[in-house]
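In what follows, a single structure is set out as structure tokens and then discussed.
FYI, it's all coordinate maths here, none of it is from the lab. All of these numbers come straight from a predicted model, not from anything done at the bench. When we count neighbours, we look across all protein chains shown, and the Cβ atoms used for this are built from the backbone with ideal geometry, even at glycine.
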Amino acid sequence: MANPYTVLGVEPGASAADITKAYRRLARKLHPDLNPGDKAAEERFKDVANAYRLLNDADKRRRFDAGEIDESGAERPQQRYYRDYAGSQQADGYGNDDGYADFAEGDDVFADLLRRARQARASQPGHDLRYRLPVSLADAISGAKRRLELPSGDTLDVTIPPGIVDGQILRLKGKGEPGGSAKAPAGDALIELEVLDDPRFTREGDDLTYELPVSLREAVLGERVRVPTPTGEVTMTVPPDSNSGTKLRLKGHGAPRRGGGRGDQFVRLKIVFPRGDAALREFVSTWDAGKAFNPREESAR
């Protein structure tokens with residue numbers, strides 16, 4: 001993955017507001033729903049989302065700038081000392097007694113200590129490994145299968161259950177470090193899920209808001225229209241005599257709730273007029289009722 005500042009097109013000293021602005025600009029351009037079938041745009045969108053995830057978190061950004069984590073958010077290898085190697089199963093010089101196995105065959109206290117240490121290491125379960133996996137809002141709601149690439153080059157297949165929430169941890173049994181022997185159990189892989197923002201929606205708690213452009217005809221006469229949701233389009237009815245700013249509700253189409261179920265999606269209408277329509281201009285100029293109507297007085301009532 002490239003440097004997150006380069007991916008978003010911002011300088012390392014950019015403000016949080018500049019980073020958010022850059023992310024939204026690129027996300028609106030590259031979102032898969034706006035580029036169906038374009039794999040290159042989909043991959044770029046993933047890179048943009050991952051870069052924003054890292055730089056939008058003040059602590060992660062500080063740790064990345066300090067070289068403590070890499071572009072994916074994984075820990076970078078740090079300088080290790082004797083005390084680190086002494087507790088590691090992977091350090092030949094300190095983590096096992098292969099170098100002085102003969103001492104363990106004696107009858108003194110030191111030999112007994114070595115034998116007990118060897119037995120303890122052999123029965124010791126492997127350590128748990130922790131990873132972070134970004135998921136889209138749609139996957140968080142509906143569930144999905146994703147492949148997680150590990151720093152070692154290996155992969156883990158992760159099943160994301162429907163209705164997960166940001167920060168939820170999945171445990172993959174036996175996918176961590178191996179145990180001290182063939183009989184010792186391996187550790188687990190702990191996958192922390194991070195639900196990414198969808199640039200099409202504004203989120204407040206479990207509820208989402210989407211701004212829907214409608215024509216003058218649809219607003220005045222009423223019409224059935226298609227509306228995007230995180231999991232696909234649905235049909236809803238725009239009631240007659242609707243104004244810009246009117247909010248309609250799609251029940252149960254919001255984000256997952258911790259206690260079960262889902263929030264709602266609100267649809268805010270925005271009337272859009274055709275440009276350069278001479279007939280519309282002529283109608284409005286001769287519309288007597290329109291001349292007499294003062295919307296500022298109407299809204300003050």
Alpha-carbon centroid distance for the pair segment 1-79 / segment 228-301, whole angstrom: 34
To make sure I understand the rule: partners must be lysines, Cα under 25 Å from the Cα of Lys183, and not fewer than 8 residues away in the same chain. Which ones qualify? Lys173, Lys175
Could I have the simple spin-label model distance between Arg25 and Asp128, label points 7 Å from Cα toward Cβ, reported in nm to one decimal? 4.2
Sorted peptide list for 277-283, 194-200, 208-214, criterion being average Cβ within 10 angstrom, highest first: 194-200, 208-214, 277-283
Determine, from the Cβ-Cβ distance of Glu75 and Val272 and an R0 of 51 Å, the FRET efficiency 1/(1 + (r/R0)^6), rounded to the nearest 0.05. 0.55
Please sort by residue number the trypsin sites (Lys or Arg not before Pro) in segment 221-257 whose DSSP state is loop and whose Cβ has at most 11 other Cβ atoms within 10 Å. Lys251
Burial ordering of Thr229, Thr246, Thr202, fewest other beta-carbon atoms within 10 Å first: Thr202, Thr246, Thr229
Can you run phi through the Karplus equation (6.51, -1.76, 1.60; θ = phi - 60°) for segment 41-46 and list ³J(HN,Hα) in whole Hz, with x for Gly and Pro? 5, 5, 5, 5, 4, 4
Using label points projected 7 Å from each Cα along Cα→Cβ, tell me how many nm separate Asp288 and Asp166, to one decimal. 5.6
Residues Ile141, Ile69 in order from fewest to most other beta-carbon atoms within 10 Å are Ile69, Ile141
Global geometry of segment 1-69, whether rounded, prolate or oblate, following the gyration tensor of its Cα atoms and the 1.5 cut on a/c: prolate
Between Ser142 and Leu250, what is the label-point separation in nm under the 7 Å Cα-to-beta-carbon projection? 1.2
Taking the beta-carbon count within 10 Å as an exposure proxy, list Asp128, Asp241 from fewest neighbours to most. Asp241, Asp128
